[in-house]
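Read-outs throughout are calculated quantities, based only on the coordinates presented, and are distinct from any laboratory measurement. Bear in mind the structure is a predicted one, so any value in this text is a computation, not a measurement. For neighbour counting, all protein chains shown are included, and Cβ atoms are generated from backbone atoms with ideal geometry for every residue, glycine included.
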Amino acid sequence: MRAFLDSNVILSGLISDKGAPRVILDLLTLKLPSITGLTGEYNIIEIERNLKKKLPSAIPLYEKYLPLINLEIIKLPSKTEIKKYLNHIAEKDVPVLVSAINGKSDYLITGDIKDFKKLKTSSEYPFKILNPSEFINEVIKEIL
């Protein structure tokens, strides 16, 4: 199972030691063979920019914890790939969508349901879009 984590899931999981985002990050640190965590290079850039701007005191925690999560990082999508999906979602979220596609994800996990809501019911994408709680509820038995 390949689970793509949006930036907000990673940040939420790092900042709080409770809740579904943290459970997901903790599961990934176990290096279970049944789940591979992914995120995009775009997401990493966004996380680091937000930490520097809004929460610089959390940077050491991020630097310590990120390698433990063992995420596969999907390279930045090309301009051609981004163009193909521009009308599917808000422009700022297109690199996330394309990275999840390029990563051959089974799930795109995001707390940004507002922007991803219209895609959630579409069968056009090769993955399910879930919030962190939905992901845990749907796959916990399969993971463990």
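Taken together, the residues in the stretch 53-69 that are over 17 Å from Thr29 (Cβ atoms), in contact with a helix residue (DSSP H, G or I) (Cβ under 7 Å, 6 or more places away or on another chain) and not β-branched (Val, Ile, Thr) amount to 1. Return the residue satisfying two criteria in turn: it lies in the stretch 93-119 and is touching a helix residue (DSSP H, G or I) at 6+ places or on another chain (Cβ under 7 Å) and charged (D, E, K, R), and of such residues it is farthest from Ile35 (Cα to Cα). Applying the filter and picking the extreme gives Asp115. Of the candidates Leu11, Leu51, the single residue that is more than 11 Å from the chain's Cα centre (by Cα), touching a residue at least 40 places away in the same chain (Cβ under 8 Å) and surrounded by 12 or more Cβ atoms within 10 Å (Cβ to Cβ) is Leu51. The residue pairs whose first member lies in the stretch 63-88 and is without any contact (Cβ under 8 Å) to a residue 24 or more places away in the chain, whose second member is surrounded by 12 or more Cβ atoms within 10 Å (Cβ to Cβ) and assigned to a helix (DSSP H, G or I), and whose beta carbons are closer than 7 Å, counting only pairs six or more residues apart or on different chains, are Glu81/Val98; Ile82/Val94; Ile82/Pro95; Ile82/Val98; Tyr85/Val94; Tyr85/Leu97; Tyr85/Val98; Leu86/Val94.
Remark: Lys75 matches the filter, which requires a residue to be surrounded by fewer than 15 Cβ atoms within 10 Å (Cβ to Cβ), under 19 Å from Ile47 (Cβ atoms) and touching a helix residue (DSSP H, G or I) at 6+ places or on another chain (Cβ under 7 Å). Does any residue of the stretch 82-89 turn out to be surrounded by fewer than 16 Cβ atoms within 10 Å (Cβ to Cβ), hydrophobic (A, V, I, L, M, F, W, C) and in a loop (DSSP other than H, G, I, E, B)? Yes, the stretch 82-89 has at least one match. Looking at the structure I just gave you, is Ile73 of a type in the set (Val, Ile, Thr) and not in a helix (DSSP H, G or I)? The answer is yes for Ile73. Quick check: is even one residue across the stretch 27-38 hydroxyl-bearing (Ser, Thr, Tyr), assigned to a helix (DSSP H, G or I) and within 17 Å of Asp112 (Cβ to Cβ)? No, every residue in the stretch 27-38 fails to be hydroxyl-bearing (Ser, Thr, Tyr), assigned to a helix (DSSP H, G or I) and within 17 Å of Asp112 (Cβ to Cβ). Filtering the stretch 129-144 to residues that are within 13 Å of the chain's Cα centre (by Cα) and part of a helix (DSSP H, G or I) leaves Pro132, Phe135. Condition (residue is assigned to a loop (DSSP other than H, G, I, E, B), in contact with a Ser or Thr (Cβ under 8 Å, 6 or more places away or on another chain) and among the polar types (S, T, N, Q)) applied to the stretch 49-56: is it met by at least one residue? Checking the stretch 49-56: not a single residue is assigned to a loop (DSSP other than H, G, I, E, B), in contact with a Ser or Thr (Cβ under 8 Å, 6 or more places away or on another chain) and among the polar types (S, T, N, Q). The set of residues in the stretch 29-46 that are surrounded by fewer than 21 Cβ atoms within 10 Å (Cβ to Cβ) and under 14 Å from the mean Cα position of the chain (by Cα) comprises Ile35, Thr36, Glu41, Ile44, Ile45, Glu46.
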